[in-house]
Every structure is written in C-alpha cells, then in structure tokens.
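Some notes on the structure that comes next.
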Amino acid sequence: MDLSIILASYNRRDYIIGALDSLYRQTLPKESFEVFVVDNNSQDDTEALCKQYIADHPDASIHFLMEKRQGASFARNTGAAKARGKWLVFMDDDALAYPDFLQKIIAFYRTHVDAGGLGGRIIPKYIPSEPRWMSRYVSSMVGNFDYSPETVEFAPLGYPLESNMVISKSDFDMAGGFNTSLPGVSGNYRIGGEGKALFYKLKAMGRTIWYDPNVIVEHVVEVNKLTREYLYRVASGQGRGDGVRTRALGKGAYYKKIVVYVFKLAGSIIIGLGYALGGKPSKSLPVIRFKWDALRGLLDSAHITL
C-alpha cells in the first residue's frame, strides 16, 4: 500500500461523493491506495451516502470512520491512525482530484525519496462563476493555491494547504500528528493553521517540504455561500490559529505576530485603494476586510485557554 487518502468530512453530503468518485477514477491502480472518509459528527446523511458508495464500489479500498470529537484535526488524526500507506494524502471533502493526482504524487516521491512533505496546486471551482469582487489577495480564503510554476522546496515560512498535502506516515507519527489545539473547522467556529503548525514542526525536525504544481485538485466554491459571515469565519480563523500557535511559543512571539498583522493590514489598505483608484472598486473592500478580520481573530485568541 503506497498511499492512504484521508477525507475529513462535516455536513458535506452535496460534495463528498464527488470527492470519492474523483479518487475512484484515478489512473493509479486501486491496489496501490486506500481511502478513509472520517465523518466528523455530521448532522446530514453523509454517513448513509458514503456507506452506499462503498457498497457500490467493492473493487476499491474505501473505509468509513466516525470521529465524534469536533474539529478537522481530530478527524484527520483518526484517519491517519488507521492508515497503512507509506504516505498520507489529505484532501478536503469538497475537493475534486485530477485523474492523475495520485500518480503524480508517486512520481514525485520516486525522484525526491527523502522529502518529508508535499503540497500541490489548488484551483477554485466557482459555482456558478468567480465573483466580481474576488482578487488574488482574497482567493486564498477559498483555497486558491498556486505557489510556483515548477517543483520547488517551500521557502522557510511557506507550507502546503490542508486540502492538498502529503506527508510520510513515519514523519506524521514522529511529529505527533495534527495539533488538536488547532482543530481547524469546528462547526461554525474556526481555529485554523493546523497544517501550517504541522509543517513548521517538520521543518524544525530537519525535514524538507516541497511543492509540485502537477499535483492538482479543484476546490468547489459555492459563490452564494461566500457571505460576509462566512468570510469573517475563515479570515478570523486564520488569525485565531496564528494566535494560539504563537502564544504557545511565548508572549514575544505573539506580540511580534500582532505587529506583522498590523503591517499586513496597512498593506491591504494600500492595495485596496489601488483597486478603487484603478476602476475596480468591488475588489477594494474585501482585500481590506480580509486582513482586518484576521487581525481581529489574532487578538481574539488571547481569550482562548491553551
């Protein structure tokens, strides 16, 4: 068994089957990988749909697990504990893997045998179409990730995103898995940055983390769900996660991060004004709000007990 793909899922009945089907139709032989769907206490019929899909596709190694502790980090750790593959592949439950997604991962590790981790490209699949107010400064909130046009090692502060990342099983276990103090999505509440914290720990252990633009998934984005409330949850969750992570390192690290966020907010104001003066006013406010909401989340983390 080469690869174990882990899908943490919460109330995603409209998309989880699409994610599974994209994995079932991979060019990599089915005996080379297994899939774990970890239901994170969904309240819809995700469980019934997944179990029916598994029954209808007996030629694939697809497994259904339940994790009642709320938070994506709990669910991903549960899937990883059952995995038999040499490499763990983490993908979102509303992502669609390109047909050669897994084949490209295998090809990467054949030429980078000592790599500790890998991230790939994430392309937003807007339904029905990309909103006018979206820009490259905001699209990361909906999963857009295009780090480099060629295969490169991540810069010291760079890291893969959770919906398309790979890590060797041995390194994952050595790092202790995902930090459950950074659960990711927990209902409507977010404390993000769980992938960032894991890969930073791997880098501190001396492991190399790579990006390969040929390892591609699409990330479904329903435009009608991109409400002000939703975008606040995502942006503040990023800030909240950075706050929890840096506070664990000490007050100095936390205050330094506040300064960084303030400078980023100032930069976003300049960018927003540029859009407004350049005849694209609809793109202006979202850029500023993104960094403002992230700063609010960072400051809010001071109230979270570590």
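Some points to look at:
- Helix 72-82 vs. the chain, principal-axis angle (Cα, 0 to 90°, nearest 10): 20 degrees
- Mean separation of Cα pairs under 8 Å and 6 or more residues apart, divided by the residue count, gives the stretch 229-303 a relative contact order of 52 percent.
- Theoretical ellipticity at 222 nm over the chain - DSSP helices of four or more residues, -39500 (n - 2.57) apiece, nearest 500: -13500 deg cm²/dmol
- Under-24-angstrom lysine pairs by C-alpha in the stretch 156-306, whenever the two are 8 or more apart or on separate chains: 27
- Computed from the C-alpha gyration tensor, the three semi-axes of the ellipsoid equivalent to the stretch 178-306 are 26, 20, 17 Å, from longest to shortest.
- Gyration tensor (alpha-carbon) shape descriptor, the stretch 229-303, a/c threshold 1.5: oblate
- Neighbours of R289, meaning other residues whose beta-carbon lies under 11 angstrom from its beta-carbon, give a summed charge of +2 when Lys and Arg score +1 and Asp and Glu score -1.
- Given R0 = 22 Å, the distance between the Cβ atoms of R296 and N11 translates into a calculated FRET efficiency of 0.30.
- Beta-bridge orientation, the chain: approximately 40 percent antiparallel, per DSSP, counting only bridges with both partners inside.
- Within straight-line reach of K51, meaning a Cα separation under 13 Å, sit the following aspartates and glutamates at least 8 residues removed in sequence or on another chain: D39.
- A DSSP coil position with no more than 13 other Cβ atoms inside 10 Å describes none of the chymotrypsin sites (Phe, Trp or Tyr not before Pro) in the stretch 44-127.
- For the chain, the longest principal axis of the alpha carbon atoms and the long axis of helix 194-204 meet at an angle near 80°.
- Applying both filters, DSSP loop and at most 13 other Cβ atoms within 10 Å, to the trypsin sites (Lys or Arg not before Pro) of the stretch 154-256 eliminates every site.
- Here D56 and N224 are evaluated by their C-beta separation; at R0 = 41 Å the FRET efficiency comes out at 0.85.
- Label positions at R84 and H112, each projected 7 Å from the Cα along the C-beta direction, are separated by 2.8 nm.
- Shape category assigned to the stretch 107-202 from the gyration tensor of Cα positions, a/c cut at 1.5: oblate
- Projected over every direction and averaged, the convex hull enclosing the alpha-carbon atoms of the chain yields 15.4 nm².
- Summed side-chain charge close to K203 - residues other than K203 whose Cβ falls under 12 Å, Lys, Arg +1, Asp, Glu -1: +1
- Proximal aspartates and glutamates relative to K86, as straight alpha-carbon distance under 19 Å, when same-chain residues fewer than 8 apart are discounted: D2, E31, E34, D100, D114, E162, D171, D173, D212
- Each other residue within a Cβ distance under 13 Å of G193 adds +1 if Lys or Arg and -1 if Asp or Glu, for a net charge of +4.
- Trypsin sites (Lys or Arg not before Pro) restricted to DSSP loop in the stretch 1-57 with at most 13 other C-beta within 10 Å: R25
- Mean-position separation - Cα centroids, the stretch 38-102 and the stretch 196-229, in angstrom: 18 Å
All of the numbers you see were taken from the coordinates with simple rules; none came from a lab. These figures come from a predicted structure and were not determined experimentally. All Cβ positions, glycine included, derive from the backbone under ideal geometry; neighbour counts span all protein chains shown.
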